[in-house]
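Just so it is clear, none of the values below were taken in a lab; they were calculated from the coordinates. What you see is a predicted model; the values in this text were computed from it and never measured. Cβ sites come from the backbone with ideal geometry, for glycine too, and all protein chains shown count toward neighbours.
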């Protein structure tokens, strides 16, 4: 089946640091990738939709200058959390799809902890 | 907002069938029903999806009512590893995102 790899799986860093998370589709070309955030005991919340070669579309309330998304190729999207603060601590998850009705496949998530 | 309603939690005895219901009374004609599950601290795992016909794969069966307003995910022989949060999601064709509701927390008990 389709595989999506997310790296790193866990990050612990100091407040003010910028953190980059990578999402790769390993065996298919992902025309669209999605980024989600999940707080403890809550469901996944969509942050942004990323299409290869174009600017990401952010959900309401998600700061685009805070969460920089790059989707430069059909197999790689990155999310950079700039100047991270403790309130940005969360579980970040990406997903990818290659065709309209095909299932989205998810990475294993990145647990970000800002001290 | 999620367009589905699911029970908050369910228990199932190991080895028995787990039947997880989902209501999607406002589903549109072109929207598919998707099921995913999330085991603690992992990304969601795709299980199955369908439009109007019943579907079966190696993981589960999906039964969709004729009016498409509800569906049931069936895990035929639940194991302890099936303990997870199960999400029922309706999604239109095209590269639209999955919108997650609260899901059903299934606990499989030995």
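Take every DSSP beta bridge whose two residues both sit in chain A, then give the antiparallel share in percent to the nearest 5.
Values: 35 of 39 bridges.
Among the beta bridges of chain A, antiparallel pairing accounts for roughly 90 percent.
Between A:25, A:54, A:89, which gets the highest mean-square fluctuation from a Gaussian network model of chain A, Cα cutoff 10 Å?
Sorting by GNM fluctuation, first place goes to A:54.
Relative contact order (percent) for the stretch B:3-110, with alpha-carbon contacts under 8 angstrom and 6 or more residues of separation?
So the answer I get is 37 percent.
Take every Cα pair under 8 Å in chain A that's 6+ residues apart, average their separations, divide by the length, and report that relative contact order as a whole percent.
Relative contact order here is 37 percent.
Below 8 Å between Cα atoms, with a sequence gap of 6+, how large is the relative contact order for the stretch B:8-54 in percent?
28
Please give, to one decimal in nm, the separation of the simple spin-label points placed at residue B:25 and residue A:73, each 7 Å out from Cα toward the Cβ.
Spacing of the two 7 Å Cα→Cβ label points: 5.0 nm.
Distance in nm between label sites at residue A:9 and residue B:69, each 7 Å beyond Cα in the beta-carbon direction?
4.5
Kindly state, to the nearest 0.05, the FRET efficiency for residue A:39 paired with residue A:85, given R0 = 22 Å and r defined as their beta-carbon distance.
0.90
With the cut-off at 1.5 for a/c, could you classify chain A from its C-alpha gyration tensor as rounded, prolate or oblate?
prolate
Based on the Cβ-Cβ distance from residue B:41 to residue B:79, what FRET efficiency comes out when R0 is 22 Å, to the nearest 0.05?
0.70
Taking only Cα atoms and a 10 Å spring cutoff, compute GNM fluctuations for chain A and point out the largest among A:104, A:38, A:60.
A:60
With a cut-off of 16 Å, note down the residues of the stretch B:70-110 whose backbone N falls inside the zone around a label point 7 Å from the Cα of residue A:99 toward its beta carbon.
Of the residues in the stretch B:70-110, B:93-96 have backbone N under 16 Å from the label point off residue A:99.
Can you tell which of B:94, B:43, B:15 shows the greatest fluctuation in a Gaussian network model of chain B with Cα springs below 10 Å?
B:94
For the protein assembly as shown, report the % of Cα-Cα distances exceeding 33 Å.
The proportion of pairs with Cα distances above 33 Å equals 17 percent.
Residue by residue through A:65-71, how many Cβ atoms from other chains fall within 10 Å of the Cβ on average?
Mean inter-chain Cβ contacts per residue within 10 Å come to 0.
Test of understanding: extend the Cα→C-beta vector of residue A:113 to 7 Å, then name every residue of the stretch A:50-94 with backbone N under 13 Å from that spot.
Residues passing the 13 Å test: A:89-91.
Hey, could you grab the Kirkwood Rh for chain B? Inverse mean 1/r over distinct alpha carbon pairs, Å, one decimal.
After inverting the pairwise mean of 1/r, the radius is 13.9 Å.
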